[in-house]
1. For the stretch 54-210, just say rounded, prolate or oblate: build the C-alpha gyration tensor, square-root its eigenvalues into a ≥ b ≥ c, call rounded for a/c under 1.5, and beyond that prolate if a/b exceeds b/c, oblate if not.
2. Among 527, 508, which comes first, then next, by fewest other beta-carbon atoms within 10 Å?
3. Distance between the C-alpha centers of the stretch 146-184 and the stretch 377-441? Whole Å please.
4. Please list the three semi-axes, largest first and in whole Å, of the ellipsoid equivalent to the stretch 428-528, using sqrt of 5 times the eigenvalues of its alpha carbon gyration tensor.
5. Using only Cα atoms and rounding to the nearest 10 degrees, what angle (0 to 90) does helix 446-458 make with the longest principal axis of the chain?
6. Per 0.36 nm of contour for each residue apart, how much would the distance between residue 28 and residue 54 grow if the chain were fully extended, relative to their Cα-Cα spacing?
7. Given a Förster distance of 41 Å, report the FRET efficiency between residue 411 and residue 10 from their Cβ-Cβ distance, rounded to the nearest 0.05.
8. Measure nothing but the geometry: give the 0 to 90° angle between the long axis through the Cα atoms of 385-411 and the longest principal axis through the Cα atoms of the chain, rounded to 10°.
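Rule-based calculations on the coordinates, nothing more; no lab input. For clarity, every value in this text was computed on a predicted model and none was experimentally measured. Don't worry about glycine lacking a Cβ; one is built from the backbone with ideal geometry, like all the others, and counts go over all protein chains shown.
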């Protein structure tokens, strides 16, 4: 078969179908008790799909974030599926499959611009397919696809990749001596849509400038200031959305921005350096991927310092080599730049790094890997055919291994218990045990919940100690549900001593009343007032 005759669109469609088949397992996953309740299960915004809902999505932040297109997409899912998780997962899987096709089309543009590295040989089509599959079925993609709330990733990816593709095609038209303002405006409009889905793509203008240098080669033909001016509409959109995101996140009680007193700048640098090294390691060797990576407390200065120093060495080495091998530095920059917004310099929460953050950064390395495949094949021309076959077999085994790993990782998103068990197996922490305990409690497995709350209390770190009353109160509630009233009263008393919430008095008063201790119960119920409802997380 002559692979060079295969249309690029057919290659893209093939990659999308293969990716779709790999991720079909996600359709059997449910919701998890981490962000899914805030985004979907308990979000009143998505319960209607009308102009009022659309207006509110654009005017107001929800669950701490302003991402109107993501909220509208969830409302569409709810309109058709209610709270059946299958529909939400189906949308994620289809969007990711489409994004895989877009990566193939972007690879075609970039490899075509690269010129010297690529010949329209039979393996060119195979290289394009390889670029799409290396990215699409890589285990790092699982979190973005199999976790319902990461709709924002796949939706942002759809518009970001479409914007980049339109820009690259616009550049090709420009370099041919023609003009196509429609392609430029389409790229700009799609970029705006990407920001409305998730603000992570604010760095796209910088990435386009990098691509202008290589492989487009526009820095030699036009002055850099002219290229920057060309990006001003993109940069203006990025600046606007950055301000809106920071302001709204800072005003939300659901997004906790960590102060410099709690998290000094030198620790932010070390955590960021370690995260970059982990992203690079996962990209090359995706073993041990877990759903939640908590920043250690205290931050281990020596290992994180070594990781940061190693990243700096890698960065200097690759950028130094950029002078003679532009593709090396370009790939590195296109990997690092989209990671900048999610590093710890603007830390919210306690998560150090996450697989989902590599959704955009991994595109350039996967395309470059496919280009290197072409180069390796050309290098082996004239050598025994067995060597070329061994390369082909190795690639098939690699992709098969990725597919198998991704399939297994999807199972860890079946429910909250599976997710947090995976996390605990690799990095036990108070947060992970607390989350799994909450899941056990929600399904009535109170004894397992008590065990996990106890483990969470034992692992409390200094940063968690101010919130210890929450763990005691929740364990007390689980103990009461399990019939262990005296132990429950002890826990609630410990919680009250640290943070006398009215609801704590309500729960203890009801337990005391059931034990016939009417006087103590009456005093507690009086202190509780009209407090009612489920226990919250109190600061």
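1. On the way: a/c = 2.68, a/b = 1.51, b/c = 1.77.
It comes out oblate by the Cα gyration axes.
2. Working: 527 16, 508 28.
Ordered by Cβ neighbours within 10 Å, fewest first: 527, 508.
3. Comparing the Cα centres of the stretch 146-184 and the stretch 377-441, I get a distance of 29 Å.
4. Values: eigenvalues 114, 49, 16 Å².
So the equivalent ellipsoid measures 24, 16, 9 Å along its semi-axes.
5. 80
6. Details: separation 26, 0.36 × 26 = 9.36 nm, distance 2.96 nm.
Working it through step by step, the gained length comes to 6.4 nm.
7. Numbers: r = 32 Å, r/R0 = 0.78.
With a Förster radius of 41 Å, E is 0.80.
8. The helix 385-411 is inclined about 20 degrees to the chain.
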